[in-house]
Amino acid sequence: MSNIKSSFELLRPLQWLKNALIMFPLVFSGHLMEAHQFFAAILTMIAFCSLVSSIYIFNDLSDILRDEHHPVKKNRPLTAKKISPEFAQGLAGVLLTMGLSLGLLVGKKVAMVMLIYLCLHFIYNWRVRDWVVADVLLIALGFQLRIWAGSVAVEVMPSIWLQLTVFLLSLFIGFIKRRGEILTLQEKAMRHRLSLSGYQLLPLDMMIIVLSVIIVISYIIYTFSHDLMTRVGNDHMFFSSVFVIFAVGRYLYLVYAKKQGEDAPELILKDLPSLLNIILWSVSIYLIMYLHL
């Protein structure tokens, strides 16, 4: 039983939440209720979950020595020696094959985006992970590729403002993660991640605050975009920006007042107000987008 639990932990299931971005192009296109497109998006999301889990396992295999210096990551199955490297390699290979096969089943373009995502992580692990700012930019691009995968799966091009909002949000979360790592690891930071030696708290705080403002502005501009208002039939999507403002403000509160923020999915799931806010935002999108309220 313990091996099954450790194997499941190895997959990082909490990180699958990031793949919900794949549904954005379909949801905001107004075609969520169309069965063919819905199942194509769901299958793409499952494919990405499999692909991303395989990448996390490969990363854990290569980072065993680094993770030993991290107070949380040292408890991961591979670092804690709960799972053998040979088993982890086999599991990663199966997940990688399954993910790419499912992506190809949805369509060649989806499989191509997944291959680009895979190459992006090879580039990141090869050198870019040690470059200040570039490391976070590349991670944010990975989030953008999720949007594009969902887009080609359902053959819908999302608004450039929606894409920009997601990209900025990814940068926001990425810089907060780096800030959290510096505070958690302190003098051990450089041993864990070379790029942390180049990050300073003040510039990080400045970038985080600037991004928090631009994210809200970008989303508000999206709610007033011509394509969206034409699709919805009114300008009521603007009211959903209240939940975005709360989300950003609440996240900043948790980071600066509660000293949290290194793991975004875990933080959101454990914070009831943030979780309720996401649910209410989703409901508001459905009411405005599909019931035209």
| query | With θ set to phi - 60° and the Karplus curve 6.51 cos²θ - 1.76 cosθ + 1.60, what are the ³J(HN,Hα) couplings of the stretch 20-27 in order, to the nearest whole Hz, using x for Gly and Pro? | reply | 4, 4, 4, 7, 4, x, 5, 4
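Could you work out the helix-only [θ] at 222 nm for the chain, with each DSSP H run of four or more residues adding -39,500 (n - 2.57) and the total divided by the number of residues, to the nearest 500 deg cm²/dmol?
Numbers: 14 runs with 209 residues, N = 293.
Taken over the chain, the calculation gives -23500 deg cm²/dmol.
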| Taking Cα atoms, how many degrees apart are the long axis of helix 85-106 and the longest axis of the chain, rounded to 10 and kept between 0 and 90? | 20
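Which shape class, rounded, prolate or oblate, goes with the stretch 248-293 when its Cα gyration tensor gives a ≥ b ≥ c as root eigenvalues, a/c under 1.5 marks rounded, and past that a/b bigger than b/c marks prolate?
Details: a/c = 3.72, a/b = 2.81, b/c = 1.32.
Taking the square roots of the gyration eigenvalues as a ≥ b ≥ c, the stretch 248-293 is prolate.
On the accessible surface of the stretch 208-271, probed at 1.4 Å, how many percent belong to carbon and sulfur atoms?
Working: 2240 of 3260 Å².
C and S atoms contribute 69 percent here.
What does the charge add up to near V27, with Lys and Arg as +1, Asp and Glu as -1, over the other residues with Cβ less than 15 Å from its Cβ? Before the final figure, lay out each step's value.
Working: positive: R146, R231; negative: E34, E155, D227.
That sum, taken over residues with Cβ under 15 Å, equals -1.
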| query | Cβ under 14 Å from F8's Cβ, F8 left aside: what net charge do those residues give with Lys, Arg +1 and Asp, Glu -1? | reply | +2
| query | Using a 1.4 Å probe, what is the accessible area per residue for the chain, in Å²? | reply | 50
| task | Please give the length that would be gained between T97 and T230 if that part of the chain were fully extended, namely 0.36 nm times their separation in residues minus their C-alpha to C-alpha distance (nm, one decimal). | result | 43.8 nm
| task | Classify the stretch 36-132 as rounded, prolate or oblate, taking a ≥ b ≥ c as the square roots of the eigenvalues of its Cα gyration tensor: rounded when a/c is under 1.5, otherwise prolate if a/b is larger than b/c and oblate if not. | result | prolate
| remark: Yeah, the stretch 134-269 with a ≥ b ≥ c from its alpha-carbon gyration tensor (a/c under 1.5 is rounded, else prolate when a/b outruns b/c, oblate otherwise) is prolate
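Excluding L171 itself, calculate the net charge of residues whose Cβ lies under 12 Å from the Cβ of L171, where each Lys or Arg counts +1 and each Asp or Glu counts -1. Display every interim value, and only then the final one.
Numbers: positive: K177, R178; negative: D135.
Net of charged neighbours comes to +1.
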| note | Sequence order, the stretch 267-277: Karplus ³J(HN,Hα) from phi using 6.51 cos²θ - 1.76 cosθ + 1.60, θ = phi - 60°, Hz rounded, Gly and Pro as x, gives 4, 5, 5, 8, 9, 4, x, 5, 5, 5, 5
| Taking the alpha-carbon centroid of each part, what is the distance from the stretch 95-128 to the stretch 267-293 in angstrom? | 30
| query | Quick one: which of K18/K82; K18/K270; K74/K177; K18/K177; K18/K259; K177/K270 span more than 19 angstrom between C-alpha atoms? | reply | K18/K82; K18/K259
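The values are calculated or read from the model by the stated rules, or taken from the named source; none is laboratory data. Values in this document were obtained by computation on a predicted structure and should not be read as measured data. Backbone-built Cβ (ideal geometry, glycine too); neighbour counts: all protein chains shown. Ligands, DNA and RNA are excluded from the accessible area calculation, which covers all protein heavy atoms including side chains. Shrake-Rupley method; radii C 1.70, N 1.55, O 1.52, S 1.80 Å.
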